[in-house]
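The values are calculated or read from the model by the stated rules, or taken from the named source; none is laboratory data. In this text, all values refer to a predicted model and were calculated from it rather than measured experimentally. Please note: Cβ atoms are built from the backbone with ideal geometry, for glycine as well, and neighbour counts cover all protein chains shown.
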Amino acid sequence: MSGSRALMPDYLRLIALFGIVVVNVQYIAFTLLGGFLEPSGETATDAITMWLVNGLALSKSYGLFSFMFGLGLGFLMRSAQRRGLAFGQLYRNRMIGLLLLGIAHGCLFFPGDILTIYAVTGSVLYLLRDWPVRRLVRLGAGLLILQAALAPVLMASAPDTPAEFVALEREILGGGGFVEAVIFRSVSFAFVLPSLLLTQGVAALGWFCLGLAAVKAGMIDESSHPLWRRARLWCLWPGVALSLLGAALWQWGPPLPGLVLTILVAPVATLGYLGLIAALSRPPGPVMERVLAAGGSSLSIYLGQSIVLSTIFSAYGLRLWDTVGRLTATLIAVAVTVALIAALAVWRRRAALGPFEWVLRRITYAGQRG
């Protein structure tokens with residue numbers, strides 16, 4: 001890696017991928033249709049696992065990943081300007097590519113797909129691309145506040161899933177074939193997408209704005225920027241402590257106040273994580289350099305996580321759906337992510353891009369020269 005390269009995005013991608021997978025596996029290995037106010041886990045180990053997942057990763061890992069999307073827009077704008085390419089066409093193609101990959105991902109492997117939401121809300125971000133830094137920060141902060149107020153209400157008021165549909169989920173994912181699973185996931189994807197656009201899309205756009213602002217302000221190129229130090233000082237420990245408190249109430253106490261507190265403080269904890277990641281963003285050694293390069297193929301790892309984990313847990317794979325504990329499922333998810341990073345490290349020694357990054361790049365630059 002060159003000395004002029006911004007290191008923070010590489011560390012950010014890597015950490016966000018582990019946060020995302022420990023959240024997603026709870027909805028891949030177990031029911032996707034449970035009520036938000038119902039405590040998860042039948043054993044003490046399960047309960048502690050869910051407390052840590054909800055307290056440390058839920059909403060924060062998606063915040064980090066969404067922040068990266070905003071950075072990506074800034075970097076794409078830089079690249080297009082440097083190469084004299086039509087940015088509007090590049091960005092339109094990129095959103096189309098994300099939309100196609102997201103729909104395929106949601107229908108085939110994981111109905112909780114985030115790429116479709118990114119394609120929709122990312123199209124709005126294009127309209128804000130020329131906004132100054134202060135305006136982007138104000139809008140981003142306002143959207144995060146709106147989402148923190150809106151999401152708990154929507155999650156708490158979500159209607160119960162019909163018992164017949166829950167039974168069908170168990171029958172198909174616990175004992176059905178791949179085609180049956182795809183049909184079920186496609187219906188589930190269509191069912192949950194509108195609510196995800198409201199509960200996650202607003203926050204995603206907020207983090208997009210903050211990520212783009214960080215590129216425009218030059219903060220992402222300077223991991224020692226004073227704002228990152230302030231984020232560590234003011235947001236990290238208070239945000240994490242309150243999030244763990246909220247998750248504890250959600251799991252063992254009155255669930256509604258716990259859910260509300262967990263969602264409300266998620267942006268604060270995420271800002272603290274960003275400050276911590278900035279502090280960790282030091283020039284890597286040879287091994288870590290390869291790991292970070294593999295983590296740069298975050299799209300391939302994100303999709304690979306769902307492909308591998310859905311196969312492991314579904315009946316057409318290893319038939320582990322709802323048969324292992326939460327801790328075991330989480331450890332499997334982490335192990336799969338480590339294996340994918342190792343595989344991508346080998347892949348990237350021969351190829352400049354990960355496989356799904358190559359697909360998205362081909363779509364993005366279709367019809368372009370230069």
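Before moving on, here are some points about what is shown:
Okay, residues lined up against (1) under 18 Å from the mean Cα position of the chain (by Cα); (2) among the aliphatic types (A, V, I, L, M):
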position	(1), (2)
Pro286	no, no
Arg290	no, no
Ser297	yes, no
Asp322	no, no
Thr330	yes, no
Val334	yes, yes
Leu344	no, yes
Arg350	no, no
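- Matching residues, segment 79-91, being touching a helix residue (DSSP H, G or I) at 6+ places or on another chain (Cβ under 8 Å) and assigned to a helix (DSSP H, G or I): Ala80, Gln81, Phe87, Gly88, Leu90, Tyr91
- Selection within segment 117-149 - of a type outside the set (A, V, I, L, M, F, W, C) and either touching a Ser or Thr at 6+ places or on another chain (Cβ under 8 Å) or crowded, with 23+ Cβ neighbours inside 10 Å (or both): Tyr118, Thr121, Gly122, Gly140, Gln147
- Tally of residues being over 20 Å from the mean Cα position of the chain (by Cα), assigned to a helix (DSSP H, G or I) and surrounded by 13 or more Cβ atoms within 10 Å (Cβ to Cβ) across segment 155-167: 3
- A search for C-beta distances below 9 Å between a residue of segment 257-270 that is over 10 Å from Ser243 (Cβ atoms) and any residue that is among the β-branched types (Val, Ile, Thr), counting only pairs 6+ apart in sequence or on different chains, returns Val260/Val153; Pro267/Ile145.
- Residue match in segment 207-219 (condition: farther than 23 Å from Met95 by Cβ and charged (D, E, K, R)): no
- Annotation: Leu99 fulfils all but one of (1) assigned to a loop (DSSP other than H, G, I, E, B); (2) modelled with pLDDT of 90 or more; the unmet one is (1).
- Qualifying residue in segment 238-261 (condition: more than 20 Å from Ser40 (Cβ to Cβ), buried (at least 23 other Cβ atoms within 10 Å of the Cβ) and modelled with pLDDT of 95 or more): no
- Complete set of residues in segment 130-141 that are part of a helix (DSSP H, G or I), of a type outside the set (A, V, I, L, M, F, W, C) and over 12 Å from Ala204 (Cα atoms): Arg134, Arg135, Arg138
- Selected residue [among the hydrophobic types (A, V, I, L, M, F, W, C) and either in contact (Cβ under 8 Å) with a residue 60 or more places away in the chain or in a helix (DSSP H, G or I) (or both)] from Ala339, Ala351: Ala339
- Residues satisfying the stated conditions in segment 58-92, i.e. over 19 Å from the mean Cα position of the chain (by Cα), of a type in the set (Ser, Thr, Tyr) and under 19 Å from Ala217 (Cβ atoms): Ser79
- Any hit, segment 168-184, residues being surrounded by 14 or more Cβ atoms within 10 Å (Cβ to Cβ), among the basic types (Lys, Arg) and either under 20 Å from the mean Cα position of the chain (by Cα) or within 14 Å of Ile263 (Cβ to Cβ) (or both): no
- Hits in segment 109-144 (condition: among the aliphatic types (A, V, I, L, M), free of Cβ contacts under 8 Å to residues at least 60 places away in the same chain and more than 29 Å from Val187 (Cα to Cα)): Leu127
- Among the residues of segment 62-103, just one is of a type in the set (Lys, Arg), surrounded by fewer than 18 Cβ atoms within 10 Å (Cβ to Cβ) and under 19 Å from Leu299 (Cβ atoms), namely Arg92.
- Once segment 9-29 is narrowed to residues that are small (Gly, Ala, Ser) and part of a helix (DSSP H, G or I), the residue that is surrounded by the most Cβ atoms within 10 Å (Cβ to Cβ) is Ala16.
Residues checked against (1) modelled with pLDDT of 95 or more; (2) out of contact with any helix residue (DSSP H, G or I) (no Cβ under 6 Å at 6 or more places or on another chain):
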| position | (1), (2) |
| --- | --- |
| Met8 | no, no |
| Val21 | yes, no |
| Tyr27 | no, yes |
| Glu38 | no, yes |
| Ala57 | yes, no |
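- Pairing each residue of segment 156-179 that is at pLDDT 85 or above with any residue that is assigned to a helix (DSSP H, G or I) and surrounded by 13 or more Cβ atoms within 10 Å (Cβ to Cβ), provided the two are 6+ apart or on different chains, yields C-beta distances under 6 Å for Ile172/Glu180; Ile172/Ala181; Ile172/Phe184.
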